[in-house]
Amino acid sequence: MLVRSCLPVTFPTFTRFPEDTGKRTFRLIVKSIGLNYHKYSVQTEDGYILNLNRIMNPDLPHNTSKGVPVLMVNGLFMHSDSWILHSKPEHNPAVAFLMNGYDVWLGDQRGTMRSKKHVIATCSKNHRCFWDFSFHEIGKYDLPAFINFILTRTNSEKLIYVGNSLGTTVSYVLLSERPEFNNKMYLVLSTMPVGVQPLISTRPQTLQLFYKFLKTVMSYYESIGAGTIRKISTMRRYVKSSCLISPTMFLWQSGMTSGAGMHPDLEDNRFCYQSSLQFGGASAKTILHALQLFETGEFAQYNYGEEENMKRYNQSTPPKYKLDQIKATVAAYYSNTDMYAPSETVTKMLDRFGGQTYRCEMRDTHHVDALFGTQFHKFIPDMIEVFNSASGKTNSSKIGSGHCPPYEVTWAPYQDDCTKK
């Protein structure tokens with residue numbers, strides 16, 4: 001039975017997305033749906049200064065326990081804003097977890113809009129050295145900084161980690177490269193897991209074209225020393241304005257659906273705000289590293305080429321991540337229709353993990369449905385039950401069952417019963 005923390009928050013019918021495309025968007029969206037937040041600056045071992053957001057229920061008494069901490073990290077080119085972009089506020093996983101009694105923290109990894117600072121002045125966002133990182137460094141340095149800060153701040157021994165897409169990838173890097181962090185996790189919840197990937201040659205033609213486009217553009221940015229697409233707010237503004245101009249909205253929707261693996265809410269122009277505000281930025285090297293996973297089908301460190309690999313790794317090929325070192329309990333939510341991480345690939349990867357796994361196939365969902373798709377909210381009750389079971393909040397044996405039931409048969413549409421009393 002789903003246990004809900006009925007706190008008196010009444011959400012608007014639909015999220016009011018801001019016209020602003022700059023750094024203020026997270027604050028504006030959080031406030032518009034009736035929540036509060038605090039932001040913190042967190043320093044990594046290698047000198048990056050990261051933004052960390054903590055969302056809060058304004059109706060929760062100040063001295064009330066905020067519950068088990070949950071750290072949420074999003075996917076490639078995305079940031080905290082991406083967790084609160086559903087048309088209906090209560091369909092956002094971050095909001096749903098908060099309203100069920102969890103202490104929700106949203107991390108902005110290095111290179112995103114609000115995490116572009118470094119302790120060394122000569123390695124600022126305008127210098128090439130700042131952008132010399134891939135998802136390897138995010139997993140090895142950013143996640144430990146977030147986790148240790150949260151555990152210290154909340155006086156907790158463990159937390160729940162939630163990753164989406166590349167947010168899952170970096171958690172696997174962390175747990176394989178720094179296995180001591182397995183002991184700091186109640187649970188690792190992975191939506192649309194990305195690690196061991198299918199070869200790009202086996203993917204749909206639209207995805208192959210998208211892959212070639214990204215590789216060409218990012219290789220160019222690397223070659224000229226730019227390291228990234230620098231003006232993200234300008235890019236977000238362009239995406240939104242171009243999408244809103246009919247008939248180009250149809251083209252944007254078609255492109256996002258076929259090329260980017262999305263199945264968004266297409267009923268009106270909210271899609272234009274969602275698809276633009278999701279972008280937070282990333283280094284070109286991070287994108288190229290992600291593309292390498294599709295080239296080889298191996299979950300390995302960055303490939304610099306044989307000569308440079310010998311200098312860095314003392315071997316001609318990049319080392320593979322040791323998936324058997326992942327001892328923490330992993331709950332994976334994946335889909336048969338995900339072009340990037342299809343079910344058969346994900347389940348084979350999970351078989352190589354060294355700890356307990358819980359598996360849930362979200363049939364007919366798409367790669368970023370967790371962010372603003374129409375079906376994802378149906379799985380949130382199951383996730384909360386898994387949270388409660390893994391953290392010991394309830395005596396449920398849910399996590400030990402190993403898999404979720406078929407949602408079409410078992411679950412009713414997600415409703416916020418608390419707001420109807």
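Each residue in the stretch 56-88 was checked for being over 16 Å from the mean Cα position of the chain (by Cα) and under 23 Å from S276 (Cα atoms), and 2 pass. The condition of being modelled with pLDDT of 95 or more, of a type in the set (G, A, S) and in contact with a Lys or Arg (Cβ under 8 Å, 6 or more places away or on another chain) holds for only one of S134, S124, S87, that being S134. Taking the stretch 361-378, which residues are surrounded by fewer than 22 Cβ atoms within 10 Å (Cβ to Cβ) and either closer than 19 Å to V330 by Cβ or at pLDDT 95 or above (or both)? E361, the sole residue that qualifies.
Among the residues of the stretch 105-124, write down those that are surrounded by fewer than 22 Cβ atoms within 10 Å (Cβ to Cβ), part of a loop (DSSP other than H, G, I, E, B) and in contact (Cβ under 8 Å) with a residue 40 or more places away in the chain. Passing the criteria: M113, R114, V119, I120.
The single condition from (1) surrounded by fewer than 24 Cβ atoms within 10 Å (Cβ to Cβ); (2) within 23 Å of Y40 (Cβ to Cβ) that G139 fails is (1). Pairing residues of the stretch 89-104 that are closer than 14 Å to V30 by Cβ and buried (at least 24 other Cβ atoms within 10 Å of the Cβ) with residues that are modelled with pLDDT of 95 or more and charged (D, E, K, R), at Cβ distances under 9 Å and at least 6 apart in sequence or on separate chains, gives V104/R54. If I filter the stretch 31-68 down to residues being surrounded by fewer than 22 Cβ atoms within 10 Å (Cβ to Cβ) and among the aliphatic types (A, V, I, L, M), which single residue comes out as farthest from Y102 (Cα to Cα)? Going through the qualifying residues, I end up with I49. Looking at the stretch 167-199, which of its residues are surrounded by fewer than 23 Cβ atoms within 10 Å (Cβ to Cβ), outside any helix (DSSP H, G or I) and not charged (D, E, K, R)? Residues satisfying the conditions are V196, P198, L199. Of the residues in the stretch 133-141, at least one is of a type in the set (G, A, S) and within 17 Å of the chain's Cα centre (by Cα). As a summary of the residue check, N182 satisfies the conditions (1) touching a residue at least 24 places away in the same chain (Cβ under 8 Å); (2) of a type outside the set (F, W, Y); (3) more than 25 Å from G101 (Cα to Cα); (4) out of contact with any strand residue (DSSP E or B) (no Cβ under 7 Å at 6 or more places or on another chain) except for the one numbered (3).
I'd like the full set of residues that are in a loop (DSSP other than H, G, I, E, B), touching a strand residue (DSSP E or B) at 6+ places or on another chain (Cβ under 7 Å) and closer than 22 Å to T202 by Cα, limited to the stretch 324-341.
Within the stretch 324-341, N336, A341 meet the criteria.
Restricting the stretch 200-225 to residues that are exposed (fewer than 14 other Cβ atoms within 10 Å of the Cβ) and not in a helix (DSSP H, G or I), the residue that is farthest from the chain's Cα centre (by Cα) is I224.
Just one of (1) of a type outside the set (V, I, T); (2) loosely packed, with under 14 Cβ neighbours inside 10 Å; (3) at pLDDT 95 or above; (4) under 23 Å from F11 (Cα atoms) fails for Q415. It is (3). D142 fulfils the conditions (1) in contact with a helix residue (DSSP H, G or I) (Cβ under 9 Å, 6 or more places away or on another chain); (2) acidic (D, E); (3) assigned to a loop (DSSP other than H, G, I, E, B) except for a single criterion, (3).
Residues in the stretch 145-166 that are within 16 Å of the chain's Cα centre (by Cα), of a type outside the set (G, A, S) and not in a helix (DSSP H, G or I): I160, Y161, V162, N164.
The values are calculated or read from the model by the stated rules, or taken from the named source; none is laboratory data. Fair warning: this is a prediction, and the values are worked out from it, not measured in the lab. When we count neighbours, we look across all protein chains shown, and the Cβ atoms used for this are built from the backbone with ideal geometry, even at glycine.
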